[in-house]
Amino acid sequence: MTDQLLRIGDDIVAIHAVVTDEGVTLIDAGLSGDLGIVASALRRAGRSLDDIRGVVLTHGDADHIGVAERLRVEHGAVVHVLRPDADLATGAEPSRSVKADGWRLGPTLRFLWVGLLRGGLRTRHLQEVRPMSDGDVLDLPGRPEIIAIPGHTPGSAAIRMPSVGALFLGDAITTRHVLTGAERASIAPFSEQPQQTLRSLERLRGLPERRIFPGHGPEFRGTADDLLEALPR
Ligand SMILES: [Zn+2]
């Protein structure tokens with residue numbers, strides 16, 4: 001079987017799964033009420049939650065760690081996060097509060113409403129994570145390759161999945177601004193150091209993957225170079 005990419009959730013909060021003969025790797029873990037939608041997506045692909053070997057986090061924010069702790073405890077998945085975000089994921093460091101510019105009421109309420117529906121207000125932090133480093137190729141289905149792209153958070157990661165031709169950027173960028181509703185590629189809101197993100201993304205130049213997925217918003221069709229071209233400066 002060729003490796004398969006599943007997109008779970010929606011354009012407001014997305015989780016991705018790479019399904020291979022060796023099992024499943026999850027990229028990000030959504031909101032804390034998302035276990036049911038992950039289970040049914042895997043069931044449709046002929047797999048179960050027990051096939052998840054690992055969860056790779058693009059960063060440690062609450063809307064990305066969602067069901068990771070339950071998958072670790074109840075299904076034996078190992079949860080990987082870049083070292084600088086480990087304390088965010090475990091709750092040793094309190095949630096970040098970064099001010100967002102230019103928010104609009106409608107899209108903001110929609111984001112909060114989805115959070116409410118999918119249990120996002122009850123954060124379940126991880127009791128244990130496996131810290132990863134820039135350049136790691138993880139021993140997980142799909143062989144995820146880790147590229148550090150600090151900026152949104154200090155431990156933000158780009159995750160390359162060559163077997164499905166995809167690159168996952170978490171909240172370094174968004175293609176649908178959760179607070180303004182604008183549908184175009186831009187640096188994501190709540191970023192600690194947006195200028196640092198722009199510099200970090202330069203590291204992705206030349207990568208061949210043609211599908212780029214943010215944590216929030218639809219897929220960006222194109223390479224990292226195309227993305228860098230599209231981003232407003
Ligand atoms: Zn997010």
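The values are calculated or read from the model by the stated rules, or taken from the named source; none is laboratory data. In this text the structure is predicted, and so the values were computed from the model without any measurement. No Cβ is skipped: glycine too gets one built from the backbone with ideal geometry, and neighbour counts run over all protein chains shown.
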Total residues in region 22-59, condition charged (D, E, K, R) and touching a residue at least 40 places away in the same chain (Cβ under 8 Å): 4
Scan region 112-122 for residues that are modelled with pLDDT of 75 or more and over 16 Å from the mean Cα position of the chain (by Cα) and jot them down. 112, 113, 114, 116, 117, 118, 119, 122
Going by what's in this entry, would residue 206 be described as assigned to a loop (DSSP other than H, G, I, E, B), within 16 Å of the ligand (Cβ to nearest atom) and either within 20 Å of residue 15 (Cα to Cα) or free of Cβ contacts under 8 Å to residues at least 40 places away in the same chain (or both)? no
Answer yes or no as to whether residue 57 is within 28 Å of residue 192 (Cβ to Cβ), crowded, with 21+ Cβ neighbours inside 10 Å and either within 16 Å of the ligand (Cβ to nearest atom) or among the charged types (D, E, K, R) (or both). yes
Check on residue 123, buried (at least 21 other Cβ atoms within 10 Å of the Cβ), within 15 Å of the ligand (Cβ to nearest atom), part of a loop (DSSP other than H, G, I, E, B) and β-branched (Val, Ile, Thr): no
Before we move on, is residue 221 free of Cβ contacts under 8 Å to residues at least 24 places away in the same chain and touching a helix residue (DSSP H, G or I) at 6+ places or on another chain (Cβ under 6 Å)? no
How about region 1-53: which of its residues are hydrophobic (A, V, I, L, M, F, W, C), within 16 Å of the ligand (Cβ to nearest atom) and assigned to a strand (DSSP E or B)? 8, 14, 15, 26, 27
Flag for residue 146 being outside any loop (DSSP other than H, G, I, E, B), aliphatic (A, V, I, L, M) and within 15 Å of the ligand (Cβ to nearest atom): no
Given the conditions (1) away from the ligand (no atom under 16 Å from the Cβ); (2) assigned to a loop (DSSP other than H, G, I, E, B), which single one is not true for residue 71? (2)
Among residues of region 172-181 being at pLDDT below 95 and either in a loop (DSSP other than H, G, I, E, B) or surrounded by fewer than 23 Cβ atoms within 10 Å (Cβ to Cβ) (or both), the residue nearest to the ligand (Cβ to nearest atom) is 178
Considering each of 199, 184 in turn, give the residue that is outside any loop (DSSP other than H, G, I, E, B) and more than 16 Å from the ligand (Cβ to nearest atom). 199
Looking at region 149-171, which of the residues that are small (Gly, Ala, Ser) and either over 22 Å from residue 87 (Cβ atoms) or without any contact (Cβ under 8 Å) to a residue 24 or more places away in the chain (or both) is farthest from the ligand (Cβ to nearest atom)? 163
